[in-house]
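Working notes for the structure below.
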Ligand SMILES: Nc1ncnc2c1ncn2[C@@H]1O[C@H](COP(=O)(O)OP(=O)(O)O)[C@@H](O)[C@H]1O
Ligand SMILES: [Mg+2]
């Protein structure tokens, strides 16, 4: 079944078809296990999967089914045991660790469930980190990050430390940090898990806006069923495998 879906989405990409996109992510035969002996856990059992540009793709499934592992392998934060990851035509699994890190810094924004903000930096400084890593001067980086935070409704909190922010505000800083260097691919691990319903919907709308920009793609891992409907496609995982892919676009066959 998964094989059939991969062929179908490949055809759609070749036709420049319904999704209107090109292939943003293509993974083939991804396997990943943790531990050994009796402790061995197969987190990914041969995943074949694709995302087109212009698409907000959701990965859903019960806790422990491998969602974070898949996202981490796609983003190049975690090495897989077998299989290939191709991002915008670059087979990242072939790159050296340092080249993969550079590729990630240039092209991928990662939003973590627990925000991972640096406690000693202000909101604007936290959001500026990817630019500083990319070699920008500090002041210019903070100015760019501040403008982005302002556009996310955080203009009054630029100088606040993380412990002075609410969950929704910290998530906005994390989103700004993931977007500030204009990555083509945004991957988000349970971005609404710690948020109230309304803030969660605002965050999902922000992610949607990113997905429809030219040549972009967004992947959201979640088990928050209140936001499932935001996905153009919904991929269900269970026990390290893809069990269903649902096309949720209006008018989709
Ligand atoms: N660093 C790790 N060491 C050992 N086991 C891990 C590690 N990370 C994940 N796992 C295991 O791999 C499986 C998939 O985990 P994960 O990808 O985090 O699932 P999900 O994000 O869907 O909740 C789980 O059984 C989990 O316990
Ligand atoms: Mg997880």
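Nothing in this text is a laboratory measurement; each read-out follows from the coordinates by a stated rule. All values derive from a computational prediction rather than experimental measurement. Positions of Cβ are backbone-derived with ideal geometry, glycine not excepted, and every protein chain shown enters the neighbour counts.
Observations
- Those residues of the range 123-139 whose amide nitrogen sits under 19 Å from the label point placed on residue 163, 7 Å along Cα→Cβ: 123-127
- For the range 2-247, the spread of Cα coordinates along the three principal axes comes to 50, 45, 35 Å, biggest extent given first.
- The angle between the Cα long axis of helix 197-211 and the main principal axis of the chain comes to about 70°, on a 0 to 90 degree scale.
- An ellipsoid equivalent to the range 146-253, defined through the eigenvalues of its Cα gyration tensor, has semi-axes of 27, 16, 12 Å when rounded to whole angstrom and sorted largest first.
- Full-extension gain in nm, residue 96 to residue 36, via 0.36 nm per residue minus C-alpha separation: 19.1 nm
- Whole-number percent relative contact order across the range 2-247, with pairs defined as alpha carbons under 8 Å at least 6 apart: 27
- Label-point separation, residue 106 to residue 241 (7 Å along Cα→Cβ), nm: 3.8
- By other beta-carbon atoms within 10 Å, ranking 139, 189 with the fewest at the front produces 139, 189.
- Here the gap between residue 249 and residue 215, fully extended at 0.36 nm per residue and compared with their Cα-Cα distance, gives a gain of 10.4 nm.
- Footprinting exposure proxy ranking of 94, 144, fewest other C-beta atoms within 10 angstrom first, gives 94, 144.
- Packing rank of 178-188, 227-237, where each peptide gets the mean count of other beta carbons within 10 Å, highest leading: 178-188, 227-237
- Gap separating the Cα centres of the range 104-158 and the range 222-246, nearest whole Å: 29
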